[in-house]
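Undergrad: Would you mind keeping the following structure in view while I ask a few things?
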């Protein structure tokens, strides 16, 4: 069913429960119609070109939903609860372009079935730090946002097409580090590193939830070891062809390089990196 004007939008009649594809565009909708949330067989839902500001958590109850198009709306956030719903397995295509998003929740990377994600023309200042968990992702566009750099986990992606044009990427300078090292390491830092490095199982039944959240966003040093809140951070240059077969130029100068965060768990690891960096540029 395709509805592309407000006057054609049904106000009293119900939608057929057997619907698998529904498009309601240019209808000036301010919210997702509760009648739509009852369509359990929906595979494709197109709500583009409306005025939707917020998504209901019950959108995650559409267990068959594979494609969700929300481009050109007024969204300011994307709920973490949606990312932990049945959409985790079903959702393959997500278009959030032309909205007002400044960030995506950490849980966004739980949408493991995603193949295509469109984030163009938002106000994103960062991408989720665990974006590398999206192992099925092949098409990613986040053009014309406000990204100063890419998360360290970005290098784990394996894409067919990548578009990051028009972001105000910072010029990397490995010689100007952000030093957050605490020497000696706190007991919490030592325990956290050991937990991750030795793959010790943990969960909210064993640890307070805030500690589980902290462990879930632990950083990885270039040596492979984990670090939590004690680290050295720099940005380095990465050629985007390392993660994507086809790369849309990052700028008008023909570049395909972008800054990516890089972490070190100790002064020793950072000094080893500097030695290699100076040798390769010397």
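Undergrad: What's the exposure ranking of 1, 253, going from fewest to most Cβ atoms within 10 Å?
TA: 253, 1
Undergrad: How large is the Kirkwood hydrodynamic radius of the range 195-259, in angstrom, based on all distinct alpha carbon pairs?
TA: The answer is 14.9 Å.
Undergrad: 7 Å from Cα along Cα→Cβ at both residue 204 and residue 179: what's the point-to-point distance in nm?
TA: Result: 3.9 nm between the two label points.
Undergrad: Simple spin-label model, 7 Å along Cα-to-Cβ: residue 222 to residue 63 in nm?
TA: Placing both labels 7 Å beyond Cα along the Cβ direction yields 4.9 nm.
Undergrad: Hey, fewest Cβ within 10 Å first, where do 35, 138 land in order?
TA: Ranking 35, 138 by Cβ neighbours within 10 Å, fewest first, gives 35, 138.
Undergrad: Taking the Cα centre of each part, how many Å lie between the range 163-188 and the range 1-62?
TA: With the range 163-188 and the range 1-62 each reduced to a Cα centre, they are spaced 43 Å.
Undergrad: Take the alpha carbon gyration tensor of the range 38-114, find the square roots of its eigenvalues, order them as a ≥ b ≥ c, and report rounded if a/c is under 1.5; if not, report prolate when a/b exceeds b/c, else oblate.
TA: oblate
Undergrad: Once you put a point 7 Å from the Cα of residue 123 and another 7 Å from the Cα of residue 103, both along the Cβ direction, what distance in nm separates them?
TA: 1.4
Undergrad: Fewest to most neighbouring Cβ within 10 Å: what's the order for 243, 236?
TA: Exposure proxy ranking, most exposed first: 236, 243.
Undergrad: May I ask for log10 I(q)/I(0) of the chain at q = 0.13, 0.14 Å⁻¹, from a Debye sum over the Cα atoms as equal point scatterers with solvent left out?
TA: The calculated log intensity ratios at q = 0.13, 0.14 Å⁻¹ are -0.96, -1.07.
Undergrad: For the range 198-246 and the range 76-99, write down the distance between their C-alpha centroids in whole Å.
TA: When both Cα centres are located, 23 Å separates them.
Undergrad: From the helices alone, meaning DSSP H stretches of at least four residues, give me the mean residue ellipticity at 222 nm for the chain, per-run term -39500 (n - 2.57), in deg cm²/dmol to the nearest 500.
TA: One gets -4000 deg cm²/dmol as the mean residue ellipticity at 222 nm.
Undergrad: Rounded to whole Å and sorted largest first, list the principal axis extents of the Cα atoms in the range 2-146.
TA: Computed over the range 2-146, the largest-to-smallest principal extents equal 44, 27, 22 Å.
Undergrad: Report, to the nearest 10°, how far helix 187-197 tilts away from the longest principal axis of the Cα atoms in the chain, using its own Cα long axis and a range of 0 to 90°.
TA: Computed tilt is about 70 degrees.
Undergrad: Determine how many Å³ per residue the convex hull of the Cα atoms of the range 100-213 encloses.
TA: In the range 100-213, the Cα hull volume divided by residue count equals 150 Å³.
Undergrad: Given contacts defined as C-alpha pairs under 8 Å and at least six residues apart, what's the relative contact order of the range 1-157, whole-number percent?
TA: Relative contact order here is 15 percent.
Undergrad: Right, next: Given Cα pairs under 8 Å that are at least 6 residues apart, what percent is the relative contact order of the chain?
TA: 11
Undergrad: Oh, and also: Quote to one decimal, in nm, the extra length available between residue 51 and residue 86 on full extension: 0.36 nm per residue of separation minus the C-alpha distance between them.
TA: 10.1 nm
Every read-out reported here was derived from the displayed coordinates using simple, explicitly stated rules and does not represent laboratory data. Just so it is clear, the model here is predicted, and its values are computed rather than measured. No Cβ is skipped: glycine too gets one built from the backbone with ideal geometry, and neighbour counts run over all protein chains shown.
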